[in-house]
Amino acid sequence: MLRAPQPSGDRAQPRVGETFGQLSCLAGCPLVFPVPAARPFRRIFVSSKLARPIGLCAALTVPALSLRLSGVHPSAPLGLLAFGAAIVAASFLLAWAAEAARVDISGPLAIAILAIIAVLPEYAVDLYFSYTAGHKPDYVQYAAANMTGSNRLLLGLGWPVVVLTALWVASRRSGRGVRELVLESGYRMELGFLLIASIVGFVAPITGEVNLILGFALLGFFVFYLWKASQAEASEPDLVGQAARIGGLPDRGRRRLVIAMFVFAAAVIVASAEPFANSLITTGTQLGINKFLLVQWVAPLASEAPEFIVAILFAVHGKGSDAIGTLISSKVNQWTLLVGSLPLAYLIGGGGTALPLDGRQTEEFLLTAAQALLGVAALLTLRFPRGLAFTLLGLFAVQYVLPGEHARLILSAVYGAIAIAALVRHRRCIWPALAAPFRGPVAESPASERPATPLRPAERVPAGIE
């Protein structure tokens, strides 16, 4: 253990007639005061492995910040590149800082807060579209496009890639084929919240709008989710990558760095959200690209890339349960906080009490809700098989090969049919999942400890393989 250097002997001795460096006497008698030893100056050494990525992310935000501060309006493609790079870089800083903050904010509540912060860039862009739609009706379609795109990207691409990565890592470590990822029982609460939110999500395409009543209900459900997460049993955080390097810093230095990263990244995202969104639409107009598709896929991909990378890092380090758990929490946030905030932002922007959905948006909302229902229905047993990952990935790819109204309706029907089949097959798990959000906290244990369909040990990977 390193110790601070001890003061030399003569500095520790009292000096006659010296009071804080000044000579004084009282009635001719010298006053004797000991001079306190000087505090050693502690430097916080940041390794180059941590300084380089943080410095690179900060450097990528410079063009966007310079454009905003100078008031210069670049061409749409250049603005899209500059502000898009800034959002991606700020997203990485947010993800690292949020992960490292788990050292000081432990427990499942930290996972929920991490998921919120990690998707903050997506929220900023989507809420800007909703707010602008309040006084520019043409922007209504973009609010729904960004929300549905980010939801389907998270579940259709993020979940399968993370699980397949975790299974591949587990197979290499065990030397045998691993066919499924087993989640801890504590994730049943998240799945219960997601199941309820997915069912409620069908209200929007049925009514053709996202009204304030639905919005406030989803926001209240999200607050309840945060409260339940805070009541769950706490556990020590297990960090990887840059977050682990930040978490290994001394307490004071770590907290200052995390706060600085939070503030800086949030400022960059707030400053870049509006010009990024406008550049995206203008670029589509100038290049003849479908603006709806650009907003639906390019914007979410830019904002969620860091979150995907963080989850993949968990999977690569053998922490598949934590990886998919973070993405499940993000999905709950999207279906509650994000969807619930849309009509509120629309109202503040000058719109009515309900965000309207046209025919295209209704189809997109229906497809998104059906996909979410399939994802949670297949995970009711707390097992994520490899076949499910390929199914979600394949159905996600189909929407690019077969675009159009009829294709979206057919794909929604396919998602719904598979989801119903999964619900019937796992019907005994439906009530425990629905009741989990309203029960008291329980100790987490691997799902493999509960009675279930027997599986050979080589066919499954318990949560958190090291």
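Any idea which of Tyr415, Tyr400 is modelled with pLDDT under 90, of a type outside the set (Val, Ile, Thr) and under 21 Å from Thr148 (Cβ atoms)?
Details: Tyr415 fails: modelled with pLDDT under 90.
Within the list Tyr415, Tyr400, the selection yields Tyr400.
Sub-7 Å Cβ pairs linking a first residue in region 133-154 that is within 30 Å of Val310 (Cβ to Cβ) to a second residue that is assigned to a helix (DSSP H, G or I) and of a type in the set (Gly, Ala, Ser), at least 6 apart or interchain, are Ala143/Ser130; Ala143/Ala133; Asn146/Ala299; Asn151/Ala372; Leu154/Ser330, ordered by first then second residue. Looking at region 408-439, which of its residues are small (Gly, Ala, Ser) and either crowded, with 16+ Cβ neighbours inside 10 Å or on the phi > 0 side of the Ramachandran plot (or both)? Residues satisfying the conditions are Ser412, Gly416, Ala419, Ala422, Ala433, Ala436. If the condition is being surrounded by 12 or more Cβ atoms within 10 Å (Cβ to Cβ) and more than 24 Å from the chain's Cα centre (by Cα), then region 44-61 contributes only Val46.
In region 276-383, counting only helices (runs of 4 or more DSSP H) that sit wholly within it, the ones holding 1 or more residues that are at pLDDT below 90 span 299-316, 320-333, 359-378.
Looking at region 218-246, which of the residues that are of a type in the set (A, V, I, L, M, F, W, C) and surrounded by fewer than 16 Cβ atoms within 10 Å (Cβ to Cβ) is modelled with the lowest pLDDT? Break it down stepwise before answering.
Quick first cut of region 218-246, residues of a type in the set (A, V, I, L, M, F, W, C) only: 218-219, 221-224, 226-227, 229, 232, 234, 239-240, 243-244, 246.
If we keep only those that are surrounded by fewer than 16 Cβ atoms within 10 Å (Cβ to Cβ) too, we end up with 223-224, 227, 234.
Details: Val223: 87, Phe224: 92, Trp227: 84, Ala234: 57.
Among those residues, the one meeting the criterion is Ala234.
Of the residues making up region 280-292, just one is touching a residue at least 24 places away in the same chain (Cβ under 8 Å) and over 19 Å from Leu78 (Cβ atoms), namely Phe292. In region 285-297, the count of residues that are crowded, with 18+ Cβ neighbours inside 10 Å and of a type in the set (Ser, Thr, Tyr) is zero. Scan region 214-231 and tell me whether some residue there is farther than 30 Å from Thr381 by Cβ, free of Cβ contacts under 8 Å to residues at least 60 places away in the same chain and not small (Gly, Ala, Ser). Among the residues of region 214-231, not one is farther than 30 Å from Thr381 by Cβ, free of Cβ contacts under 8 Å to residues at least 60 places away in the same chain and not small (Gly, Ala, Ser), which makes the answer no.
Among the residues of region 328-343, some residue qualifies, meaning at least one is touching a Phe, Trp or Tyr at 6+ places or on another chain (Cβ under 8 Å) and among the small types (Gly, Ala, Ser). Among the residues of region 197-215, the ones that are more than 20 Å from Ala133 (Cβ to Cβ) and surrounded by fewer than 22 Cβ atoms within 10 Å (Cβ to Cβ) come to 4 in all.
The values are calculated or read from the model by the stated rules, or taken from the named source; none is laboratory data. This is a predicted model, so every value here is computed, not measured. Here Cβ is always computed from backbone atoms with ideal geometry, including for glycine, and neighbour counts include all displayed protein chains.
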